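J.: Supplied in structure tokens, the structure appears directly below.
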Amino acid sequence: MSDRYRFGPFELDASEHSLQVEGRPVALTKRAFDTLLYLVRHPGRLVTRDELIAAVWGDTIVEEGNLHWTISAVRKALAQESEESRIETVRGLGYRFLGPVEAVGEAPAKATPESALPHRRSRWWLATGLAALLIAGLIWTLVGWLDSAVASRTPRVAVIGFRNLSPGGAGEWMGTALTEMLTADLGHGGSLRLVSSDDVASMRRDLGLGMAGALGPAELDQIRRRLGSEWVVTGSYLLLEGQDQPLRVDVLLRHTGTGETRIAVTRRGRQKDLFTLADSLAGELRQALGKPAGQETGQAEARSAMPASLEAQRLYAEGLERLQRRDALSASGRLEAAVAADPTFSPGWLALARSCELLGFERRAEDAALKAVQASSGLPERQRLEAEATYLRIARRRPEATDRMRRVYELSHHAFQDGLTLGETQIRAGQNREALATLAEIRREHPAESGDARLAMLEADAYSGLEDFRNGAAASGRALAAAQRQGMVQVEVRALHHLAIARIRSGSLADCPGALDQIAQARAKAEATGDRFLLAGVLQDLGVALADCEQRARSEQADREAIDLYREIGAQGRLAPLLYNLGSSRLNEGDLLGADRLMREALETCEAYGTLCHERFLHPVGANRLHRGELAEARRMIEESLQRNLQSGNRYRAAEARSFLPDVAFWSGDLAQAVEHARQVLALRQEIGNPRGVAWAHSDLATWLAEAGHGAEALEHGRQAVALASKQGEISLQACSRASLSLAELATGDLASADRESARALALLPPPHKPFCSFLVWRARVQVLLARGELDAAGALIDTGLELARRGGFVTYELQGRLFQAELALARGRFGEARQLATELAAEARAKGFGIIAQRCGRVIAKTPGPVVRG
């Protein structure tokens, strides 16, 4: 087997563990390189996931999410140097390396008579294979071109809705039922491109479009720009009183560009004949659009869009209408009654799952989505897959949800709307780079829709997940401009959020006024829509922005307004992030006790409603427990959070949870374990590739290496941390990096440099503001002052930090401050005082499990004259 391979502009050398393109190295982690090597050595063949994991990871137990991320890293590295796609995902099975691969350095067979015929045969098979690949490529290209050409000729139709002319508003639910039935019936077979009823409902909310009167030219133009539809279906219905309740339905088919009415159809029947009426109307509309139904009709599709019984139809339609206008609490009540009336109706369970999810009731949403899957067994494949994807997403099995949506996307021949849903699902799964690749594919395949605001907004979401604020701001700007053109108010509001947050986090406090003005615009627009969920989301983002801009009081006010609003609309399940934000605000002011109470309430809210935020809040609450002196409980919560995030495939949160384990090990007295945990965190942060996270990891590792006495290595990581932090705008990161560097310099005996860096860190961030960092700064500065013999300055700083730690409830730093007092007494020659302080503190530290404090108290005692104290 060769060690060198060429494919496209790349050359891979297994012996040197290198990948080059035109002589330039391409950076890959070891796992990523080994994955690429295995695929390159098996070109054109399906390599299953299990086979690839066994080849690359061996006996190590890994989640499939690790493989997804590794493949994503390989694709990204190759895409930076070549536009050609080389790794194909075979959904549900594995991967295939595409394109020719040349093994370099293998000795060619000699042209002996015996070997000549096999050689010619191999060349013949090679030529045949290449010809087959060329033909397959041409067919694929032709099919794609034909699909695109057919799509461009396929009329795009939107069923806008029906006006109720019935006396006393009787049968109000039937307008929604007719809309759902006609949308499903007309969309059957793919000869027409139907705008989903959810998109229509969103458009009506954004434009404030009611059904009170006929649509004029201005409204038709707005619909065309918003939905991209050539034709709209509107109409009215009249339900009369009587034993059989006679029903008349009038339907108009109108062109959004010219205003022409292509056809006006009237059908009469009974309320119980709704399916038959809808199918007859759909047939007339198809013929008017030049798409005769032929022998097959979409009546089965229409029937799958609504329950069978009249009572279930009414309840489902009423619930769906309320859900579409975002009255989720009222919708959930109707939908629960609908599925009770017809438990076999899968879309009813899905709608119930959506309403519960909107309210933040994730446990109820997961249960409803599972029942939707169970009820979908007899439905078409697409509907089954959509139900499975919804369930898997809510159940936090996000990579599997992405796989299902990828299959839906492929089944629809890469339909635009399905591509958007796939991209959104990938982003929710944390597959942001894969989402960007999907969105780029959508732009190539749907040039007419490439200016859609939702496309740019999803790109902004993906960049936000990668913390790439520059590209995120550019995508948000595109989304904002497109949303304003297309009348997409909700996208416009979200784009304003993204722009503001990106502006703050990529700039400085000087950028805050402009960013906050943008969020104020978003708030005004959200209030104008009357969508209280949208407004609450704006208030939540406003709280985050104000906190980033150091406006704590206003931040808390915005969070409390959002909490009140969510309680008003019955969305108790959405309170957890806001309670957590309030707790973070308290923590940033040094109030650990108040912060812990609010964060604990956030965690309990998650546990009550089963929301997805449990993994997010468990390890921060564990960190609070650590600093309150409850080391065993802290370790349990942090390790549980780590496992939960690894299982869900969220490596960002897994790295965040793991970053607290060195603290637990340090305070417990195991410095070697603290260093090992910190190394693992750095490796994970580097694998993820987030610059801010990598800077924090270097800073933390430098701190623990210095505490363990590895000064030279600590110095290296401290310098890297400072260099990386200087490129970020975060003051706490810069302060902590300088503090860790000063500890490293102290460990190497460079007191002058340690003094300079610790003083700069303290000037940037004195305690108790952002205490997890500022108390590290305090600790570093005190140690430097004690080492330099500046005892009065050290004493004053010790007293200040100790008072703040006691006031805020930080047991860790209170114990650290008392240790400093013992060390200060020793430095001043007050041996009796030093011995007494250290002896009392050691006993308390051992009782609480703070081994590092007990160990260092022992050092103080050992340096004081007198009998040895044991135990």
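J.: Got a sec to turn the phi values of the stretch 514-523 into Karplus ³J(HN,Hα) couplings, 6.51 cos²θ - 1.76 cosθ + 1.60 with θ = phi - 60°, whole Hz, x for Gly and Pro?
T.: Listing the rounded values in order: x, 5, 5, 5, 5, 5, 4, 4, 4, 5 Hz.
J.: Any idea what the relative contact order of the stretch 768-833 is, in percent, if you count C-alpha pairs under 8 Å spaced at least 6 apart?
T.: Numbers: 44 pairs, mean separation 19.8, N = 66.
So the answer I get is 30 percent.
J.: From the Cα gyration tensor of the stretch 149-258, with a ≥ b ≥ c the square roots of its eigenvalues, which class applies: rounded if a/c is under 1.5, or else prolate if a/b is larger than b/c, or else oblate? If you can, show how the numbers build up before the last one.
T.: On the way: a/c = 2.31, a/b = 1.59, b/c = 1.45.
Note, shape of the stretch 149-258 comes out prolate.
J.: Right, here's the next one. Once you list every other residue whose beta carbon is under 13 Å from the beta carbon of W173, what net charge do they have if Lys and Arg are +1 and Asp and Glu are -1? Don't jump to the answer; show the numbers that get you there.
T.: On the way: positive: R314, R322, R334; negative: E172, E180, E311, E318, E321.
Neighbour charge sum, excluding W173 itself: -2.
J.: Measuring from centroid to centroid over Cα atoms, what is the spacing of the stretch 457-509 and the stretch 782-848 in Å?
T.: Taking the Cα centre of each part, the stretch 457-509 and the stretch 782-848 sit 49 Å apart.
J.: Set the Förster radius R0 to 35 Å, insert the Cβ-Cβ distance between E607 and S85 as r into 1/(1 + (r/R0)^6), and round the FRET efficiency to 0.05.
T.: 0.20
J.: Using the Karplus curve 6.51 cos²θ - 1.76 cosθ + 1.60 with θ = phi - 60°, what ³J(HN,Hα) values do you get for each residue of the stretch 399-406, in whole Hz, with x for Gly and Pro?
T.: Once θ is set to phi - 60°, the couplings for the stretch 399-406 become x, 5, 4, 5, 4, 5, 5, 4 Hz.
J.: Can you list the residues, at least 5 places off or on another chain, whose amide H is less than 5 Å from the amide H of I263, using H built in the peptide plane?
T.: Sorted by chain and number, the residues that satisfy this are L253.
J.: Here are several values of Kirkwood radius over Cα pairs in Å: [x] 32.7; [y] 31.0; [z] 28.5. Which one was derived from the coordinates shown?
T.: Only one option fits the structure, namely [y].
J.: Hey, can you grab everything whose amide H is under 5 Å from the amide H of V159? Only 5+ residues off in sequence or another chain; H modelled, so Pro and N-termini drop out.
T.: Placed amide hydrogens put V195, V233 under 5 Å from V159.
J.: Using Cα atoms only, what is the angle between the long axis of helix 416-428 and the major principal axis of the chain, expressed in degrees (0 to 90) to the nearest 10?
T.: Computed tilt is about 20 degrees.
J.: Please compute the net charge surrounding A218, taking Lys and Arg as +1 and Asp and Glu as -1 over other residues with Cβ under 12 Å from its Cβ. Write down the numbers at each step before the final one.
T.: Values: positive: R224, R225; negative: E219, D221.
Summing Lys/Arg as +1 and Asp/Glu as -1 gives 0.
J.: In deg cm²/dmol, rounded to 500, what helix-only [θ] at 222 nm does the chain give when every DSSP H run of at least 4 residues adds -39500 (n - 2.57) and the total is split over its residues?
T.: The helix contribution divided over the chain gives -22000 deg cm²/dmol.
J.: Remind me, relative contact order of the chain in percent, using alpha carbon pairs under 8 angstrom and six or more residues apart?
T.: Relative contact order of the chain: 6 percent.
J.: Shifting gears a bit: Add +1 for every Lys or Arg and -1 for every Asp or Glu among the other residues with Cβ under 9 Å from the Cβ of L715, and state the total. Before the final figure, lay out the partial values.
T.: Working: positive: R719; negative: E713, E716, E745, D750.
Computed value for this residue: -3.
J.: Within the accessible area of the stretch 482-576, what % is carbon and sulfur when the probe is 1.4 Å and the other protein chains stay in place?
T.: 46
J.: Let me ask something else. If you place +1 on the Cβ of every Lys and Arg and -1 on the Cβ of every Asp and Glu, how big does the dipole about the Cα centre of the chain come out, in debye to the nearest 20? Please list the in-between numbers first.
T.: On the way: 109 positive and 111 negative charges, 70 e Å.
It works out to roughly 340 debye.
J.: What does the highest-first list of 450-463, 685-698 look like by mean Cβ count within 10 Å?
T.: Working: 450-463: 23.1, 685-698: 20.8.
Sorting 450-463, 685-698 by mean packing, highest first, produces 450-463, 685-698.
J.: Return the carbon/sulfur percentage of the accessible area of the stretch 408-474, one whole number, probe 1.4 Å, all protein chains in place.
T.: Of all accessible area on the stretch 408-474, carbon and sulfur atoms account for 51 percent.
J.: Got a number for carbon plus sulfur as a percent of the stretch 188-314's accessible area, 1.4 Å probe? Don't skip to the end; give the middle numbers.
T.: On the way: 2740 of 5920 Å².
Summing carbon and sulfur atoms, their accessible area is 46 percent of the total for the stretch 188-314.
J.: Hey, what's the chain come to in accessible area per residue, 1.4 Å probe, Å²?
T.: Accessible area per residue, the chain: 43 Å².
J.: Mind listing the long-range amide H neighbours of G590? Cut-off is under 5 Å, sequence gap 5 or more, other chains count too, H placed in the peptide plane at 1.01 Å from N.
T.: K770
J.: Within the chain, what percent of beta bridges assigned by DSSP are antiparallel, to the nearest 5? All intermediate terms of the calculation are to be shown ahead of the outcome.
T.: Details: 38 of 47 bridges.
Among the beta bridges of the chain, antiparallel pairing accounts for roughly 80 percent.
J.: So how tilted is helix 811-827 from the main axis of the chain? Cα-based, degrees 0 to 90, rounded to 10.
T.: 20
J.: Just want the answer: with Cβ charges of +1 for Lys and Arg and -1 for Asp and Glu, which residue in G228, A448, V860 is farthest toward the dipole's positive end in the chain?
T.: Comparing the listed Cα positions along the dipole, V860 ranks first.
J.: Can you compute 3J(HN,Hα) from phi for each residue in the stretch 477-491, using the Karplus curve 6.51 cos²θ - 1.76 cosθ + 1.60 with θ = phi - 60°, rounded to whole Hz and x for Gly and Pro?
T.: 3J(HN,Hα) across the stretch 477-491, in whole Hz: x, 5, 5, 5, 4, 5, 4, 5, 5, 8, x, 8, 5, 5, 5.
J.: Which of the peptides 554-565, 401-412, 789-800 is most tightly packed, and how do the rest follow, going by the mean number of other Cβ atoms within 10 Å of each residue?
T.: Output ranking for 554-565, 401-412, 789-800: 401-412, 554-565, 789-800.
J.: Also, quick follow-up: Using mean Cβ contacts within 10 Å as the protection proxy, how do 600-610, 432-442 order, highest first?
T.: The peptides rank, most packed first, as 432-442, 600-610.
J.: By how many degrees, 0 to 90 and rounded to 10, does the Cα axis of helix 197-207 deviate from the longest principal axis of the chain?
T.: 80
J.: Compute the relative contact order of the stretch 723-871 as a whole-number percentage, counting only Cα pairs closer than 8 Å that sit 6 or more residues apart in sequence.
T.: Rounded, it is 15 percent for the stretch 723-871.
The values are calculated or read from the model by the stated rules, or taken from the named source; none is laboratory data. Keep in mind the model is a prediction, meaning the values are calculated, not measured. Cβ atoms come from the backbone with ideal geometry, glycine included; neighbour counts cover every protein chain shown. We work out accessible area using only protein heavy atoms, side chains counted, and drop any ligands, DNA or RNA first. Shrake-Rupley method; radii C 1.70, N 1.55, O 1.52, S 1.80 Å.
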